[in-house]
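**Q** Dropping the structure in here first, questions after.
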Amino acid sequence: MFRDFNEVICLGMGGSYSEIAKDKLFKAYDLYLYQRSLNSIKECIDYVDENCNAITILPVETTYKGIIRETIDNLIMTKNQNIQILAETIVPVNDCILSKTTEFYSLMGLIANPNALAKCKKFVKEEMPRQINVVMAENMDESARLLNNYNLTYSIIGTHKTAELYNLNVLREHIEDNKDNNRRFIVIGDGTTEPTGKDKTSIVLFLNDRQGVLLDIVQVFVKYHINITQINSKMMNNRAEEQAVFIDFDGHWKDEIVKNLLSELEPYSKSIRVIGSYTGF
């Protein structure tokens, strides 16, 4: 499936979690694709929307914050209706203190972006040396590059992948406030998948404005004994009467039972878009 592509787009660089998910994909499918890094979810999806030979790997859910709406919202708005979710994976969050030195208690400075600091504020406050000098950076990659401008007493917040890329020492790991946090990533591209028997399908329904329609939709799933794993709704065009409902459920869109399900859902919505049938890696 992925051998039809020649380029992978990652969100961020410098050891980002998107890059870690990319490494996991390459290992699972014995791949090597040219990597390009972009700075926003919208940029990544727009790129694959315009380049059918590219895939992108993006976060879609976190343990503590739930669904990342920017990913789903941009996915359903692609001009190329063949853009789909092709696979998914879980990446455990493991934020680390990295430095050129090996001595944690010699540290006097920390370079990090605001998001990293927010995720690790308890560790920074309680475990880092007192009166640490905090230098703000735009992202993880900039933090690592800025480290070259400072002496050995400075450190950054990054990942094991960052340490590998920039030849840094891991002084502390799992410094994030929320332990056992995971991120779910999806692979998006102009492609298709075959049923494996352990698939998940994602669809978006643009609903008719009728009271009780969501209950009717759920009842169709009950009729076919198809398990819904996730359901979310979104107001479209800032109008309460225009709703899009995202549903993840067990099965593949090529399965006969799922085809029957989708057919029976049609009267309840203005339109339905299958945004992928996929399995994990």
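The values are calculated or read from the model by the stated rules, or taken from the named source; none is laboratory data. Note that the structure is a prediction, hence the values are computed from the model and not measured. Heads up, the Cβs are rebuilt from the backbone with ideal geometry, glycines too, and the neighbour counts pull from every protein chain shown.
**Q** Name the pairs whose Cβ atoms lie under 7 Å apart, with the first residue in segment 110-137 and within 12 Å of residue 156 (Cα to Cα), the second hydroxyl-bearing (Ser, Thr, Tyr), and 6 or more positions between them or separate chains?
**A** Filtered contacts from segment 110-137: 110/155; 111/143; 111/154; 112/143; 113/143; 137/143.
**Q** Counting just the residues of segment 235-258 that are of a type in the set (Val, Ile, Thr) and in a strand (DSSP E or B), which one comes out modelled with the lowest pLDDT?
**A** The initial filter retains those residues of segment 235-258 that are of a type in the set (Val, Ile, Thr), namely 245, 247, 257-258.
Pick out the ones that are also in a strand (DSSP E or B) and you get 245, 247.
On the way: 245: 92, 247: 96.
Among those residues, the one meeting the criterion is 245.
**Q** Of all residues in segment 259-281 being in a strand (DSSP E or B) and of a type in the set (S, T, N, Q), which is surrounded by the fewest Cβ atoms within 10 Å (Cβ to Cβ)?
**A** That would be 271.
**Q** Here is a follow-up. Within segment 124-133, can you find the residues that are surrounded by fewer than 12 Cβ atoms within 10 Å (Cβ to Cβ) and within 19 Å of residue 147 (Cα to Cα)?
**A** 131
**Q** Oh, and also: What are the pairs with Cβ atoms under 7 angstrom where one residue, in segment 64-91, is among the β-branched types (Val, Ile, Thr) and the other, located anywhere, is in a loop (DSSP other than H, G, I, E, B)? Sequence gap at least six, or different chains.
**A** Qualifying pairs under 7 Å: 89/281.
Let's see how each residue does on (1) farther than 27 Å from residue 61 by Cα; (2) at pLDDT 95 or above; (3) surrounded by 16 or more Cβ atoms within 10 Å (Cβ to Cβ):
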position: 122; (1), (2), (3): no, yes, no
position: 138; (1), (2), (3): no, no, no
position: 161; (1), (2), (3): no, yes, yes
position: 170; (1), (2), (3): no, yes, yes
position: 181; (1), (2), (3): no, no, yes
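**Q** Moving on to the next point. Kindly check whether there is at least one residue in segment 62-73 that is closer than 18 Å to residue 10 by Cβ, part of a strand (DSSP E or B) and not assigned by TED's automatic domain parsing to the domain that holds residue 204.
**A** The initial filter retains those residues of segment 62-73 that are closer than 18 Å to residue 10 by Cβ, namely 62, 68, 70-71.
Now narrow it down to the ones that are part of a strand (DSSP E or B): 62.
Then drop every residue that is not not assigned by TED's automatic domain parsing to the domain that holds residue 204, which leaves 62.
Within segment 62-73, one or more residues are closer than 18 Å to residue 10 by Cβ, part of a strand (DSSP E or B) and not assigned by TED's automatic domain parsing to the domain that holds residue 204.
**Q** Take residue 42 and tell me if it is surrounded by fewer than 23 Cβ atoms within 10 Å (Cβ to Cβ), in contact with a Ser or Thr (Cβ under 7 Å, 6 or more places away or on another chain) and in a helix (DSSP H, G or I).
**A** no
**Q** Here's another thing I want to ask about it. In segment 130-154, how many are within 12 Å of residue 13 (Cα to Cα) and assigned to a loop (DSSP other than H, G, I, E, B)?
**A** Within segment 130-154, the subset within 12 Å of residue 13 (Cα to Cα) is 138-145.
In the following step, the residues that additionally are assigned to a loop (DSSP other than H, G, I, E, B) were identified as 138-139.
Qualifying residue count for the region: 2.
**Q** With respect to residue 200, determine if the residue is out of contact with any Cys (no Cβ under 7 Å at 6 or more places or on another chain), farther than 29 Å from residue 51 by Cα and not acidic (Asp, Glu).
**A** So residue 200 fails the test.
Conditions tested, residue by residue: (1) over 15 Å from residue 170 (Cβ atoms); (2) in contact with a Leu (Cβ under 6 Å, 6 or more places away or on another chain); (3) in the same structural domain as residue 12 (by TED's automatic domain parsing); (4) not hydrophobic (A, V, I, L, M, F, W, C).
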site: 111; (1), (2), (3), (4): yes, yes, no, no
site: 122; (1), (2), (3), (4): yes, no, no, yes
site: 125; (1), (2), (3), (4): yes, no, no, yes
site: 141; (1), (2), (3), (4): yes, no, no, yes
site: 145; (1), (2), (3), (4): yes, no, no, yes
site: 150; (1), (2), (3), (4): yes, no, no, yes
site: 160; (1), (2), (3), (4): no, no, no, yes
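**Q** Are any residues in segment 155-202 touching a residue at least 60 places away in the same chain (Cβ under 8 Å), assigned to a strand (DSSP E or B) and of a type in the set (S, T, N, Q), and if so, which ones?
**A** Passing the criteria: 169, 182, 201, 202.
**Q** Next question. Could you list all residues from segment 1-32 that are within 28 Å of residue 157 (Cβ to Cβ) and not in a helix (DSSP H, G or I)?
**A** Here is the first cut: in segment 1-32, the ones within 28 Å of residue 157 (Cβ to Cβ) are 8-28.
Once the filter is applied, which keeps residues that are within 28 Å of residue 157 (Cβ to Cβ) and not in a helix (DSSP H, G or I), segment 1-32 yields 8, 9, 10, 11, 12, 13, 14, 15, 16.
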